[in-house]
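This report refers to the structure that appears directly beneath it.
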Amino acid sequence: MANIEFRGVSKRYDDGPATVPGLDLEIRDGEFMVLVGPSGCGKSTTLRMIAGLESISSGDLYIGGHRVNDLPPKDRDIAMVFQNYALYPHMSVFENMAFGLRVRNFPKLGIERRVREAAETLGLSDLLHRKPGQLSGGQNQRVALGRAMVRDPQVFLFDEPLSNLDAELRVQMRGVIHRLHHQLGTTSVYVTHDQVEAMTLGTRIAILNGGELMQVGTPLELYNDPDNTFVAGFMGSPPMNLLQVVNDGRQLSCDLLTLPHAQLQGLNRELLLGLRPEKLVYASSAPANWPRLTGNIELVESLGAEMLVHLRVGSAQLVARLAGLRAFSLGDALELAFDPAALYLFDGASQQRIRAGSAKAGVSQC
Amino acid sequence: MNTMIERLREGRTAPVKRVLRDIFSWRFALLTFSALIVVYPLLWVVSLAFSGQQSLTLVQLSHDASLRQQLLALIPLPEVWTLDNFRAVLTKQPFLRWIGNSLVVALATTVVGLTLSCTAAYAFSRFRFAGRQRGLTLFLISQMFPAVLMLIPLYVIVVQWLGLGNSWLGLILVYAITALPFCVWMLKGYFDTLPYEIEESALLEGASRWTIFIRIILPLARPAIAVTGLFAFMTAWNEFILASIFMDDESLYTVPVGLRFFVSDYASEWGYFAAGSILVSLPVILLFLSLQRYLVSGLSAGAVKG
Ligand SMILES: Nc1ncnc2c1ncn2[C@@H]1O[C@H](COP(=O)(O)OP(=O)(O)OP(=O)(O)O)[C@@H](O)[C@H]1O
Ligand SMILES: [Mg+2]
């Protein structure tokens, strides 16, 4: 077990621009840290630097308090699970799991015991003699998990381990990984595109964009208290609505609505208003003092228990997540309302959150 | 009911029709013709070998032979079938010895060639080092010259400088090294198709590069290694010019060189020559057959990515 600490770690491939310009991040002992971010933002690169598969251009990386910049992968005591499983196709499931122990000269009996235990945990006991080619994707990924487990390493790394699986298996494997982490309590770093995976698995989530760390926090912190528009747009599905508003010192206004606001002095003229789709409700069932807005329905996505209604209001577009099912026709006007306390305010230029009780308290006065 | 029977009947006749149409198509004719061109000389060799004679004419034609007789004479069929030629080649000539020589040289070439090319190809495929691209290009360029061009330089190097004339070692070195560029490209192409994550995973598990090479890469690359090995073997097995220049001692001859002496200025034992040729091709045919299942996958994988 160990914690992992990035101190100003940067990575530059060849002479290109820095892929990771300088990362400061601590992954605590026993934590399940999820790295998310858009494609190409450097998640895999970050993970591979922990593994030692990618060199570190500058900065220091510590695992369990030891600087590991120059430590070869095999001495870092780390196991990694790859998206394409990376099993040894010519070896049986048993041999696949035993390989790492064999090359480290474990005693034969110990190998046998550990592999059987891992196989038991993962429900692979009946498949030990098969080759990876004779297994399904989910089974292969369980073998890869088993192979990582048997060595009982300090750190588990996962690089999008579930993205080759179909939706149902993904849910199932998510459960397997969750249970494993609960049982073993091994420090884990998990890269994914899937925010549901991130929300359900992560002790904490680190959101990366262009190699920069946008925000780190527990899933709820990131959801409820995003630092910037990127995080706001990344967490939650559908993402937070962002409306461009103009601040004239007294109120915020755009095509949709005008909101009086108390403390706008000192803020930029261009601001962004954030509102989660689930915070919009039918105007008819909302308290009278909530702000209202009216738009035309452009698209309705039925999810069964709820609907995603896409509205066009002037030049802006909004998504509302409304409970229950109702028949709408496209083009219909729909009036919605929202709790002003649920609004987020971002700076238009820096995209940073404008916090300090000011924003929310102010709006709620309207 | 009737319509069903009719449909069944149609179902059965349709393939026959298609087969007939295919047989009478120009494509089929062309293919048959090309196949005949290839097979015809082989038929002559087989007939000669089994005829028991030494002369190239299997059928004695009288001067006033009819057109039909003349045409028939074009079909290579011996008047009697006998194994005499084979018996003579195997007993009266040092043929078995030459086969042994060839086997030693070809097997050694295969082993040396594969050892060198597997390691080199792995390095070219997986490591980034100075001169990597240039090395690959040079290998390619070396393949663009006709082999005869290398004759004199090779002679100078191997015989005059290294003093390895008239020795198997010289031949083995030359064969293994001339086969190297092709083998390296072939194997590199295959190694490139093996996912690198497999090796990274093994690295993390604590395996050394060497362990990975031996226990993971080589077993996975078996098809390509089989094809490449076959190529190296055949390079050495069939090679004639270098062997005939390097080897002076009749007891050290490889089979192709030995065969030549059946047909020279002083002898024209075409029957022995034909029988010998068939015996020589047997090992290669056997190798081909035993490696058949690898050949398709190995060749195509290397070809696509090479
Ligand atoms: N070996 C390499 N050489 C040069 N550039 C690379 C290399 N590997 C990755 N990159 C670049 O670094 C950037 C980050 O890559 P990385 O694989 O870390 O992204 P990622 O966040 O894992 O993306 P994805 O979600 O698509 O897997 C990309 O722009 C990529 O082009
Ligand atoms: Mg990636």
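The values are calculated or read from the model by the stated rules, or taken from the named source; none is laboratory data. Just so we're clear, the structure is a prediction, and the values are computed from it rather than from any experiment. When we count neighbours, we look across all protein chains shown, and the Cβ atoms used for this are built from the backbone with ideal geometry, even at glycine. Just the protein is used for accessible areas: all its heavy atoms, side chains included, with ligands, DNA and RNA removed. Shrake-Rupley method; radii C 1.70, N 1.55, O 1.52, S 1.80 Å.
For the stretch B:123-236, the share of accessible area belonging to carbon and sulfur comes to 72 percent (1.4 Å probe, ligands and nucleic acids excluded). Here is what passes the span test in chain B: the DSSP H helices with alpha carbon length of 18 Å or more along the helix axis and a Kyte-Doolittle mean of 1.0 or above are B:26-51, B:95-126, B:168-193, B:270-305. Listed cross-link partners A:74/A:108; A:108/B:188; A:108/A:131; A:43/A:74 are compared with a 28 Å cut-off, the Cα-Cα value being larger for A:108/B:188. Within the shell defined by Cβ-Cβ distances under 13 Å, the residues around residue A:107 carry a net charge of +4, with Lys and Arg each +1 and Asp and Glu each -1.
Per-residue shielding of B:188-199, expressed as the average number of other chain Cβ atoms within 10 Å of the residue Cβ, stands at 2. For the stretch A:289-341 versus the stretch B:237-296, the spacing of their alpha-carbon centroids is 85 Å. The order of the peptides B:27-34, A:4-11 by mean Cβ neighbours within 10 Å, most packed first, is A:4-11, B:27-34. Protection proxy ranking, highest mean first, for peptides A:144-150, B:136-142, A:110-116, B:200-206: A:144-150, B:200-206, A:110-116, B:136-142, where packing is the per-residue count of other beta-carbon atoms within 10 Å, averaged. Surface listing: A:26, B:199, A:160 arranged by accessible area from highest to lowest gives A:26, A:160, B:199, probe 1.4 Å. Annotation: aspartates and glutamates with alpha-carbon distance below 16 angstrom to residue A:11 (same-chain offsets under eight excluded): A:24, A:54, A:60, A:70, A:212.
Buried surface between chains B and A: roughly 1700 Å² of accessible area, summed over both sides, computed with a 1.4 Å probe on protein heavy atoms only. In the stretch A:66-92, the residues that give up 50 Å² or more of accessible area when the other protein chains are added, compared with the chain on its own (1.4 Å probe), are A:74, A:82, A:88, A:90.
Other residues with beta-carbon under 9 Å from the beta-carbon of residue A:191 carry, at +1 per Lys or Arg and -1 per Asp or Glu, a net charge of -1. Taken residue by residue and averaged, Cβ atoms of other chains lying within 10 Å of the Cβ of A:99-109 number 3. Accessible surface computed residue by residue for the protein assembly as shown, with neighbouring protein chains in place and a 1.4 Å probe, gives 50 Å² per residue.
The accessible surface of the stretch A:61-185, taken with every protein chain in place and a 1.4 Å probe, is 48 percent carbon and sulfur.
Per-residue Karplus couplings for the stretch A:199-210, computed as 6.51 cos²θ - 1.76 cosθ + 1.60 with θ equal to phi - 60°, are listed in order as 5, 7, 8, x, 5, 9, 10, 10, 9, 10, 8, x Hz, Gly and Pro entered as x. In the stretch A:198-334, the portion of solvent-accessible area held by carbon and sulfur atoms comes to 51 percent [1.4 Å probe, whole percent, DNA, RNA and ligands not counted].
Heavy-atom accessible area with a 1.4 Å probe sorts B:168, B:237, largest first, into B:168, B:237.
Computed from backbone phi, the HN-Hα couplings of the stretch A:189-196 come to 10, 10, 9, 8, 9, 8, 6, 5 Hz, rounded to whole numbers (Karplus: 6.51 cos²θ - 1.76 cosθ + 1.60, θ = phi - 60°; Gly and Pro given as x). Residues A:13, A:223, sorted by accessible area with the largest first, give A:13, A:223 [1.4 Å probe; ligands and nucleic acids excluded]. When DSSP beta bridges are restricted to pairs lying wholly in the protein assembly as shown, around 75% turn out antiparallel.
Counting charges near residue B:166 (Lys, Arg +1; Asp, Glu -1) among other residues having Cβ under 14 Å from its Cβ returns a value of -3.
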